[in-house]
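K.L.:
One structure, pasted below without further comment.
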Amino acid sequence: MAYHAFSVILNISIPVRDFPKAITFYATIFEVLGAENGALVKSQHDEEAALSFRWGNQNGPSFTVVKKRWTTRAGGISVTLRAPSEKAVDNFYRTAMAGGATSDVVPALVQMSGLAGYMCAVFDFDGNELKALYAEPYTEAKDLEAKSA
């Protein structure tokens, strides 16, 4: 297996019921571990609010506390894994589905937090979400829109 100089884990998201209480709790424990102050981030399609903590630079892994809107999923965590290519995202999706996963997000071009990439999302048997994301370095969403025009 080849060594990669980047983290495979991009983000871990924890859904919570009491957002104010949760962000106070996580800010306190993450401060002990050297995390930067949490930053409110743009909520994604199924979130009411989100606060993200990072260690190191803005390209490093993040831990996000989210207040979810109503969803068809019972809960669980969401982990975003970095994929080395679009083909790897497709292979991840096919393999997961063949293994019994379900999905609401088929492999497609996406925009997340101002970055453009290619992503899919699958759910394991317990409702935990696993995303595979390929993003070319420093490709911003506006660059993707210009490419497709």
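K.L.:
Tell me which of these Gly38 doesn't satisfy, since it passes every other one: (1) touching a Phe, Trp or Tyr at 6+ places or on another chain (Cβ under 8 Å); (2) at pLDDT 75 or above; (3) over 13 Å from Val65 (Cβ atoms).
P.N.:
(3)
K.L.:
For the stretch 112-125: of the residues being surrounded by fewer than 15 Cβ atoms within 10 Å (Cβ to Cβ) and at pLDDT below 70, which is nearest to the chain's Cα centre (by Cα)?
P.N.:
My answer is Ser113.
K.L.:
Oh, and also: Residue by residue through the stretch 1-35, note down the ones that are hydroxyl-bearing (Ser, Thr, Tyr) and either under 18 Å from the mean Cα position of the chain (by Cα) or at pLDDT 75 or above (or both). Walk me through it before giving the result.
P.N.:
Just the residues of the stretch 1-35 that are hydroxyl-bearing (Ser, Thr, Tyr), to begin with: 3, 7, 13, 24, 26, 28.
Across the stretch 1-35, the qualifying residues are Ser7, Ser13, Thr24, Tyr26, Thr28.
K.L.:
Any idea which residue in the stretch 58-89 is modelled with the lowest pLDDT, counting only those that are in contact with a strand residue (DSSP E or B) (Cβ under 8 Å, 6 or more places away or on another chain), closer than 22 Å to Ala108 by Cα and of a type in the set (Lys, Arg)?
P.N.:
By that ranking, first place goes to Arg73.
K.L.:
Check whether at least one residue in the stretch 93-103 is at pLDDT 80 or above, part of a loop (DSSP other than H, G, I, E, B) and at negative phi, and report yes or no. Talk me through it step by step, then tell me what you get.
P.N.:
Initially, the stretch 93-103 is screened for residues at pLDDT 80 or above, giving 93-103.
Then keep just the ones that are part of a loop (DSSP other than H, G, I, E, B); that gives 99-101.
Filter once more, so that each one left must be at negative phi: 99, 101.
Looking through the stretch 93-103, at least one residue is at pLDDT 80 or above, part of a loop (DSSP other than H, G, I, E, B) and at negative phi.
K.L.:
Here is a further query. Given the residues Leu109, Leu133, which is the only one that is of a type in the set (A, V, I, L, M, F, W, C), over 12 Å from the mean Cα position of the chain (by Cα), modelled with pLDDT of 70 or more and assigned to a strand (DSSP E or B)?
P.N.:
Numbers: Leu133 fails: over 12 Å from the mean Cα position of the chain (by Cα).
Among Leu109, Leu133, only Leu109 is of a type in the set (A, V, I, L, M, F, W, C), over 12 Å from the mean Cα position of the chain (by Cα), modelled with pLDDT of 70 or more and assigned to a strand (DSSP E or B).
The values are calculated or read from the model by the stated rules, or taken from the named source; none is laboratory data. Note that the structure is a prediction, hence the values are computed from the model and not measured. FYI the Cβ positions are ideal-geometry reconstructions off the backbone, even for glycines, and counts take in every protein chain you see.
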